[in-house]
Amino acid sequence: LNGQTKKMLVSFSERTISHQDAKKSIARRAASFVEDGDSIFIDSGTTTFQMVPYLSECGGINVFTNNIKAVFAAYPIESIHLYSLPGTLNRKTNSLMGADTTKAIEKYNINKAFLASTGLTFESGVTNSEQMEYDIKRAVIEKSTKTYLLIDSTKFGKVSLITFASIGDFDAVITDKMPAQEYVDLLKENNVELIIADE
């Protein structure tokens with residue numbers, strides 16, 4: 001396997017451990033934008049599911065997710081109305097995916113979506129390594145009033161297999177460190193708010 005392919009095959013557990021502090025701070029900041037009564041989508045990914053413990057103080061929120069880790073994290077929090085989306089389990093990403101997942105998303109009105117990505121570049125936009133998640137992510141972006149992209153600082157300048165969005169599809173990017181100026185400018189040009197987690 002070449003280096004690029006090896007990167008694509010990194011397991012969920014390995015990705016969770018990588019940059020753990022950064023991911024937790026991003027997740028905590030993302031959760032701060034959730035308000036009582038919101039209907040939110042939590043994407044598959046090793047950063048997004050870590051939002052869930054920080055949602056315990058929110059009242060009456062609806063959480064839609066295909067992220068198995070998010071389902072287990074949300075289970076004990078009684079204030080969360082949890083909607084686990086249907087689909088076939090992908091053990092590599094710990095997510096449910098497929099045509100049924102996409103169809104289910106299209107039924108609901110989501111006012112805030114928190115999505116993950118494995119890379120962001122000028123040339124390729126917002127990318128992901130799992131091609132079966134393309135339709136799910138696109139459906140969520142189309143159905144959501146506001147979209148947040150959660151990526152740690154190592155993802156800037158990296159490209160993965162599938163482009164699922166342009167940066168202009170998002171309202172805000174939440175990350176752990178200030179990216180290079182060229183990315184600051186890119187976000188500004190596309191009217192995308194840049195949020196640094198610990199600031």
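The values are calculated or read from the model by the stated rules, or taken from the named source; none is laboratory data. Everything quoted here is computed from the prediction, not taken from an experiment. Here Cβ is always computed from backbone atoms with ideal geometry, including for glycine, and neighbour counts include all displayed protein chains. Note: accessible area is taken over every heavy atom of the protein model, side chains too, but ligands, DNA and RNA are not part of it. Shrake-Rupley method; radii C 1.70, N 1.55, O 1.52, S 1.80 Å.
Rounded, prolate or oblate for the chain? Axes are the square roots of the Cα gyration tensor eigenvalues, ordered a ≥ b ≥ c, and the cut-off for rounded is a/c under 1.5. In terms of gyration-tensor shape, rounded. Taking the DSSP beta bridges with both ends in the chain, the antiparallel portion is around 30 percent.
Largest GNM mean-square fluctuation among Glu106, Glu57, Glu123, using the chain with Cα springs under 10 Å: Glu123.
Rolling a 1.4 Å probe over the protein chains gives Met178 an accessible area of about 110 Å². Once you sort the root eigenvalues of the Cα gyration tensor of the range 146-199 as a ≥ b ≥ c, which label holds: rounded (a/c under 1.5), prolate (a/b larger than b/c) or oblate (the other case)? It is rounded, given that a/c, with a ≥ b ≥ c, falls under 1.5. Using R0 = 25 Å, the C-beta based FRET efficiency linking Asp21 and Glu193 works out to 0.65.
In order along the range 38-50, the Karplus-derived 3J(HN,Hα) couplings, from 6.51 cos²θ - 1.76 cosθ + 1.60 at θ = phi - 60°, round to 5, 10, 10, 10, 10, 6, 5, x, 8, 9, 4, 5, 6 Hz, and Gly and Pro are given as x.
Counting charges near Asn67 (Lys, Arg +1; Asp, Glu -1) among other residues having Cβ under 12 Å from its Cβ returns a value of -1. Carbon and sulfur: what percent of the range 29-161's accessible surface (1.4 Å probe)? Its accessible area is 49 percent carbon and sulfur atoms. Ranked from largest to smallest solvent-accessible area, with a 1.4 Å probe on the protein heavy atoms, Arg28, Arg138 come out as Arg28, Arg138.
The residues of the chain expose, per residue, 48 Å² of accessible area to a 1.4 Å probe. With helices as the sole contributors, the chain gives -7500 deg cm²/dmol at 222 nm; each DSSP H run of n ≥ 4 counts as -39500 (n - 2.57), and the sum is divided by every residue. Here the label points at Phe122 and Ile77, each 7 Å from Cα along the C-beta direction, are separated by 3.9 nm in the simple model. The calculated FRET efficiency for the pair Lys177 and Lys103, based on their C-beta separation and a Förster distance of 41 Å, comes to about 0.60.
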